[in-house]
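This report concerns only the one structure given below.
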Amino acid sequence: MSASDISLACNSLARMAFDLKDLVNTVATKRNPGPFQDILDEFNDISDSCLSNISVMIRSAVVTTPADQQLIYEAYSNFIQGLFELTDAVTNSAPTLIAIEKQAEFRVPSAVREVAGVVDALLFQIMAVFPSDTPYSQQAANQKSQVDTHFRQTVHAFHIATANTGSPYSNTTTV
């Protein structure tokens, strides 16, 4: 996969993350459960896109041209920023999403875990194109670690929000 293709893939995924963030914020702000399924569908779309990109990115050559490295890193960083904003929006909206849609307490953390797994694999594929002796390699690894933390915090936000209700996870008997 060429540097410009990797850049396009990352920027496309970033756009998907920013769009999903906007949808989550809209649903939470308006307290409208109608588009709840759309949130889950968008998470699935991000997962599918990540998987598609992983399959074409496997065994991509290490990028040695500094301009190409920068092009990829800027797009990678844009995707990371999209993930940060998405996970922050979902984290902050957890109590509201649970209040307006009971299934949110299970389905959103599940969707987040699924996306986290495929994003993890994709980020490793992208990081592999950076030579290990470049600053991009270390910066990309640091950003990946931060994304992992954001995903964990998002899942935990649902556990905490549910624990503060009359039917926390440990007492839930119906779905």
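The values are calculated or read from the model by the stated rules, or taken from the named source; none is laboratory data. No experiment lies behind these values; they were computed from the predicted model shown. Counting neighbours? That spans all protein chains shown, and the Cβs are built from the backbone with ideal geometry, glycine included.
Screening Asn32 with (1) closer than 27 Å to Ala163 by Cβ; (2) part of a helix (DSSP H, G or I); (3) in contact with a helix residue (DSSP H, G or I) (Cβ under 9 Å, 6 or more places away or on another chain) gives one miss only, at (2). Residues in segment 1-32 that are hydroxyl-bearing (Ser, Thr, Tyr) and more than 15 Å from Phe79 (Cα to Cα) were compared, and the one that is surrounded by the fewest Cβ atoms within 10 Å (Cβ to Cβ) is Thr29. Determine which single condition Asp120 fails, assuming it passes every other condition in (1) among the acidic types (Asp, Glu); (2) more than 20 Å from the chain's Cα centre (by Cα); (3) part of a helix (DSSP H, G or I). So the condition that Asp120 fails would be (2).
For segment 106-146, give me each residue that is farther than 15 Å from Met57 by Cβ and either of a type in the set (Ser, Thr, Tyr) or in contact with a Cys (Cβ under 7 Å, 6 or more places away or on another chain) (or both). Hits for segment 106-146 are Ser110, Ser132, Thr134, Tyr136, Ser137, Ser145.
A Cβ distance below 9 Å, combined with a sequence gap of six or more or placement on separate chains, defines the contacts here; from segment 27-38, residues that are at pLDDT 95 or above reach residues that are part of a loop (DSSP other than H, G, I, E, B) and surrounded by 14 or more Cβ atoms within 10 Å (Cβ to Cβ) in the pairs Val27/Pro33; Val27/Pro35; Val27/Glu101.
Looking across segment 114-147 at every residue that is surrounded by 14 or more Cβ atoms within 10 Å (Cβ to Cβ) and charged (D, E, K, R), the one that is nearest to Leu13 (Cα to Cα) is identified as Asp120.
Taking segment 70-88 as the range and being buried (at least 22 other Cβ atoms within 10 Å of the Cβ) and more than 21 Å from Met57 (Cα to Cα) as the test, the residues that pass are Leu86, Thr87.
Among the conditions (1) in contact (Cβ under 8 Å) with a residue 24 or more places away in the chain; (2) farther than 15 Å from Phe43 by Cβ; (3) not β-branched (Val, Ile, Thr), Lys102 misses just one, which is (1). Scanning segment 50-69 for residues that are surrounded by 15 or more Cβ atoms within 10 Å (Cβ to Cβ) and part of a helix (DSSP H, G or I) yields a count of 6. Look at segment 1-13: where a residue is closer than 14 Å to Ser49 by Cα and a partner is assigned to a loop (DSSP other than H, G, I, E, B) and of a type in the set (Gly, Ala, Ser), sitting 6+ places away or on another chain with Cβ atoms under 8 Å, you get Ile6/Ser60.
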